[in-house]
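Below is one structure; the comments refer to it alone.
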Amino acid sequence: MLLLGLPLLIILVIIASWYLAEKAIQPVYKSYQEMQQFSSDVAHELRTPLSAIKATIDSVILNNLTLQDSQETLKIIHRQNERLINLVKDLLILTRLDSVLENNYQISKTKINLLDLINDLVEELSCLALENNVNLRQEIKTNNDIFIFGNEEQIYRLLTNLTINAIENNQKNGQVIIFLETDKQEVIIKVIDTGIGINNTEQKLIFNRFYRINKARNRDKGGSGLGLSIVRSIVLNHHGKIAVESRENEGSTFIIYLPKIIEKS
Ligand code: ADP
């Protein structure tokens, strides 16, 4: 028994330890792979505008152009530079949001009046809507003020990102509605558009970092592909939920659920 049992037990222990070690290392390996993927995506995103700037400057030097002849070139450099600045800004915001989530830090939060915030947002983005031939309006389904507890700058950023996407991915003479309602516990904000829509497969991918549906079109507009990742991180930092409903060529609705401040009467 001993002669047969002991080697069998050793083999069993080896298999079990190997299995447990494999299981324990998996999350570490996964986060290492994600980090590697993220660094390589960042490098790729930075390389494109930097290469464009270098090629443009090279052409000025090679052709001995004067400053007067170089106005178009300067405009290209300016545009690429804006892209770089936006990308770095978005990356900074995202890494700060991640570090708050991972380390359970507290962000500074105050009582926010959502009606005031949406009014400001519609006022600020009305010019962009006009430029894109889109009608932007708000639809508030309550007579009372609605308050949430949150970081005002982040909530403003969240709604700005969703509304700019809704305007820029719309059709001519399209509509964008910022809709607000509440139930007992939650505030429900919807950003509804009558735009190009998103198919079912891409609805699952659009919140991934650097994911763009139409890469060339999106890059031209200066998007970093990080807008919806930032939106999702802000929602998580406010203990909320986000959902998307969309049909191609009919439009999309992004729905945010946030905990409401319940006023004691
Ligand atoms: P970016 O920061 O470049 O705008 P996002 O992360 O905000 O990127 O969006 C990811 C992709 O989802 C983009 O390709 C964008 O065009 C698409 N998208 C986002 N919102 C909408 C919408 N309302 N309708 C159609 N496509 C959208």
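Do we find that Ile112 is open to solvent by less than 40 Å² (accessible area, probe 1.4 Å), part of a strand (DSSP E or B) and either outside the structural domain of Glu186 (by TED's automatic domain parsing) or more than 28 Å from Phe38 (Cβ to Cβ) (or both) in this structure? Considered against the rule, which asks whether it is open to solvent by less than 40 Å² (accessible area, probe 1.4 Å), part of a strand (DSSP E or B) and either outside the structural domain of Glu186 (by TED's automatic domain parsing) or more than 28 Å from Phe38 (Cβ to Cβ) (or both), Ile112 comes out as yes.
When the range 141-154 is examined, which residues are found to be open to solvent by less than 20 Å² (accessible area, probe 1.4 Å) and either closer than 18 Å to Ile242 by Cα or without any contact (Cβ under 8 Å) to a residue 40 or more places away in the chain (or both)?
Correct list: Ile148, Gly150.
When each of Tyr257, Tyr211 is tested for being of a type outside the set (D, E, K, R) and more than 10 Å from the ligand (Cβ to nearest atom), the lone residue that passes is Tyr257.
Conditions (1) assigned by TED's automatic domain parsing to the domain that holds Val244; (2) surrounded by 21 or more Cβ atoms within 10 Å (Cβ to Cβ); (3) farther than 17 Å from Val122 by Cβ, marked per residue:
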{"residue": "Tyr156", "(1), (2), (3)": "yes, no, no"}
{"residue": "Leu162", "(1), (2), (3)": "yes, yes, no"}
{"residue": "Ala166", "(1), (2), (3)": "yes, yes, no"}
{"residue": "Asn169", "(1), (2), (3)": "yes, yes, yes"}
{"residue": "Ile177", "(1), (2), (3)": "yes, no, no"}
{"residue": "Glu202", "(1), (2), (3)": "yes, no, yes"}
{"residue": "Ile213", "(1), (2), (3)": "yes, no, yes"}
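For the range 234-250, the tally of residues that are open to solvent by less than 10 Å² (accessible area, probe 1.4 Å) and either closer than 30 Å to His78 by Cα or within 13 Å of the ligand (Cβ to nearest atom) (or both) stands at 1. Given the condition touching a residue at least 60 places away in the same chain (Cβ under 8 Å) and farther than 15 Å from Ile230 by Cα, answer yes or no: does some residue in the range 51-61 qualify? So far as the range 51-61 goes, no, none of its residues is touching a residue at least 60 places away in the same chain (Cβ under 8 Å) and farther than 15 Å from Ile230 by Cα. Note on the range 159-201: among residues that are in a strand (DSSP E or B) and among the acidic types (Asp, Glu), the one that is nearest to Thr253 (Cα to Cα) is Asp193. Being closer than 25 Å to Asn104 by Cα, near the ligand (Cβ under 8 Å from one of its atoms) and among the polar types (S, T, N, Q), is that true of even one residue in the range 215-233? Among the residues of the range 215-233, at least one is closer than 25 Å to Asn104 by Cα, near the ligand (Cβ under 8 Å from one of its atoms) and among the polar types (S, T, N, Q), which makes the answer yes.
Look at Ile155 and say whether it is at pLDDT 95 or above, more than 10 Å from the ligand (Cβ to nearest atom) and closer than 30 Å to Lys109 by Cβ. So Ile155 fits the description; yes. Filtering Glu72, Glu22, Glu82, Glu45 for residues that are modelled with pLDDT under 85 and either farther than 30 Å from Phe149 by Cβ or exposed (fewer than 12 other Cβ atoms within 10 Å of the Cβ) (or both) leaves a single hit, Glu72.
Does Ile164 satisfy the condition of being under 17 Å from Val244 (Cα atoms), within 15 Å of the ligand (Cβ to nearest atom) and touching a residue at least 60 places away in the same chain (Cβ under 8 Å)? It is true that Ile164 is under 17 Å from Val244 (Cα atoms), within 15 Å of the ligand (Cβ to nearest atom) and touching a residue at least 60 places away in the same chain (Cβ under 8 Å). Checked against the criteria, Ser229 counts as in a helix (DSSP H, G or I) and either in contact with a Lys or Arg (Cβ under 9 Å, 6 or more places away or on another chain) or more than 26 Å from Leu87 (Cα to Cα) (or both). Of the residues making up the range 181-188, at least one is acidic (Asp, Glu) and touching a Phe, Trp or Tyr at 6+ places or on another chain (Cβ under 8 Å).
Test Thr73 against the stated conditions and say whether it is without any contact (Cβ under 8 Å) to a residue 40 or more places away in the chain, not in a helix (DSSP H, G or I) and not assigned by TED's automatic domain parsing to the domain that holds Ser224. So Thr73 fails the test. The residues on offer are Asn113, Asn143, Asn133, Asn119, and the sole one that is polar (S, T, N, Q) and at positive phi is Asn133.
The values are calculated or read from the model by the stated rules, or taken from the named source; none is laboratory data. Since the structure is predicted, the reported quantities are computational estimates derived from the model, not experimental observations. Note that each Cβ is placed from the backbone with ideal geometry, even for glycine, and that neighbours are counted across all protein chains shown. Accessible surface areas use protein heavy atoms only, side chains included; no ligands, DNA or RNA. Shrake-Rupley method; radii C 1.70, N 1.55, O 1.52, S 1.80 Å.
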